[in-house]
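These notes concern the structure reproduced below.
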Amino acid sequence: MDFLRTGMKVIDKARSRNSETPFRVLSENGDLTVLPPRFAHSIRNEDNLSFGEFIKADFHYRIPGFEPFGFVDHDSQILQSVARKQLTKYFNTVTKPLSLETEFAARRIFGESADWQEVPAKDAILDLVARLSSRVFLGEELCRNEEWLRVTKDYTVVSFMAAMKLTFVPHSLRPLLHWFLPGCKLVRQHLAKARTLISAVIESRRLLKKRAVEEGVDIPDYNDAIEWAELECKGQYYDAAVFQLTLSFAAIHTTTDLLAQTMLFLANEPDLIEPLREEIIQVLKAEGWKKSALYNMKLMDSAFKETQRMKPNSMFQMRRIATKDIKLEDGITIRHGERVVVDASAMKDPKIHQDVDKYDIYRFKRMREEPGNVHKAQLVTTSPDHLAFGHGQHACPGRFFASNEVKVALCHLLLKYDWKLAPGNTADPFVAGVGRQINPKTVIMFKRREEELDIDSLDFATETAEGGVA
């Protein structure tokens, strides 16, 4: 537990002694071998360094209620297939539901008052992102179901806390004692509620499809992750509720952290908001809600990438467990069972970035304009210098969707509302160990403004899953 309080001091001291060589630390997650950023490229596609095994070991996936943490390593790789294939395939069709749901959710969460109001930033943005993600993952049946939204928001927080407490229980006692721990009981309750809600939707769809076949009419077509998982399971059994909760902890909370922290940085320096608004208006006036419009919001893209650089959610990325002995460059050996992470300190390295402690929304836009850096400077691009989405074969497969999601949301939030931090609040994150999360106590202020462009009335290009325009 001491590492949670003093972790960054321990890491900084170790870095100063071992700037170019691996070092070891005893963290809240056990003994870790920390590789310098230069190793990120060499291990990026190493099959014998397993991300799934790392997650399963940390989150007790064999304990009832924690099954979603084992799903990242499901035999059929459903999660990865849905993110890489289906979500990418339907990339062109999700902008409309994202914008429509943002319109609904923003009005519900932030209202229409022209007077200044305040709200805890994390709570408000978590509610928004949960609704947007659920619209794409679950369709219209559940995206506004308050029970489901509560489960999908709370499961990650509750399970992380329960998992941490379980680490202090001896391995041999965990299969018994978890039944009596309040946190573990709450985790099981959330999963049971998720199973009830998801199974009802799946059964309803099956009946509708069966009836359509019997009546000789078109079978209903569903464009969401429930249906995509059915396509990608390859005939293998999988727990649909476990799959959806895995999507939730993989997507909702990380996306919330990125969008909310960006909002806090902007609210801390409101002068930065106007150039972003100008870009939104210019691009949407010219293109509407085409996929290319989001790509052409290059200043916004730069602002989000700068948020990741300033505040990655962890200073350790690319978490792996060695499944056999492997040799790295410089003759370094990683032993079977060894837990390995890569230091993300390059994002704050003054040899790479100027004014490393300044939030500069133009930083990566300028980089795009440099020869050879057009691709590297984009939000979705990973590199040893920028590990916020990981790197290599286990880089976040949903980052392309997340990029579109936060951009659509920010268009609505900046055009429709003015923002500033409540008195006495800062944009500083909550730091525990090597983790850096948005401070849940930070309060943001907002008021409705008259937008220069009615983005709710913009046309949506009727784009097909293959990318053509119908």
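Give the residues of the range 206-254 that are closer than 25 Å to VAL151 by Cα and of a type in the set (S, T, N, Q), sorted by residue number. If the condition is that a residue be closer than 25 Å to VAL151 by Cα and of a type in the set (S, T, N, Q), then ASN223, GLN244, THR246, SER248, THR254 are the ones that fit.
Of the strands (runs of 3 or more DSSP E) contained entirely in the range 390-461, those carrying at least 3 residues that are closer than 23 Å to GLN117 by Cα and more than 17 Å from the chain's Cα centre (by Cα) fall at 417-421, 443-448. When the residues of the range 71-85 are filtered to those that are surrounded by fewer than 16 Cβ atoms within 10 Å (Cβ to Cβ) and outside any loop (DSSP other than H, G, I, E, B), which remaining residue is nearest to the chain's Cα centre (by Cα)? If we take residues in the range 71-85 being surrounded by fewer than 16 Cβ atoms within 10 Å (Cβ to Cβ) and outside any loop (DSSP other than H, G, I, E, B), then ARG84 is nearest to the chain's Cα centre (by Cα). Restricting the first member to the range 451-470 and to residues that are surrounded by fewer than 16 Cβ atoms within 10 Å (Cβ to Cβ) and at pLDDT below 80, and the second to residues that are outside any loop (DSSP other than H, G, I, E, B) and small (Gly, Ala, Ser), the beta-carbon pairs closer than 8 Å and six or more apart or on different chains are PHE460/SER99.
Residues to consider are THR95, THR88; find the one that is buried (at least 19 other Cβ atoms within 10 Å of the Cβ) and among the hydroxyl-bearing types (Ser, Thr, Tyr).
Exactly one residue qualifies, and that residue is THR95.
Residue count for the range 178-193, restricted to those that are in contact with an Asp or Glu (Cβ under 8 Å, 6 or more places away or on another chain) and either among the basic types (Lys, Arg) or part of a loop (DSSP other than H, G, I, E, B) (or both): 1.
The residue list LYS348, LYS327, LYS298, LYS305 contains one member that is under 21 Å from HIS253 (Cβ atoms) and of a type outside the set (Asp, Glu), which is LYS305. Scoring ARG366 on the criteria (1) surrounded by 14 or more Cβ atoms within 10 Å (Cβ to Cβ); (2) at pLDDT 95 or above leaves a single failure, condition (1). How many residues does the range 260-288 hold that are outside any helix (DSSP H, G or I) and among the acidic types (Asp, Glu)? So the answer is 1.
Does the range 225-244 hold any residues that are of a type in the set (D, E, K, R) and part of a loop (DSSP other than H, G, I, E, B), and which are they? If the condition is that a residue be of a type in the set (D, E, K, R) and part of a loop (DSSP other than H, G, I, E, B), then LYS234, ASP239 are the ones that fit. Of all residues assigned to the range 309-329, none qualifies as being touching a residue at least 24 places away in the same chain (Cβ under 8 Å), within 30 Å of ASP454 (Cβ to Cβ) and out of contact with any Asp or Glu (no Cβ under 7 Å at 6 or more places or on another chain). Take LYS376 and tell me if it is without any contact (Cβ under 8 Å) to a residue 12 or more places away in the chain, more than 25 Å from LEU247 (Cβ to Cβ) and among the basic types (Lys, Arg). The answer is yes for LYS376. What's the total number of residues in the range 296-320 that are in contact with a Phe, Trp or Tyr (Cβ under 6 Å, 6 or more places away or on another chain) and outside any helix (DSSP H, G or I)? Residues that pass the stated criteria total 2.
The values are calculated or read from the model by the stated rules, or taken from the named source; none is laboratory data. It should be emphasised that the depicted structure is a prediction, and the values quoted were computed from it without experimental measurement. Glycine also receives a Cβ, built like all others from the backbone with ideal geometry; neighbour counts cover every protein chain displayed.
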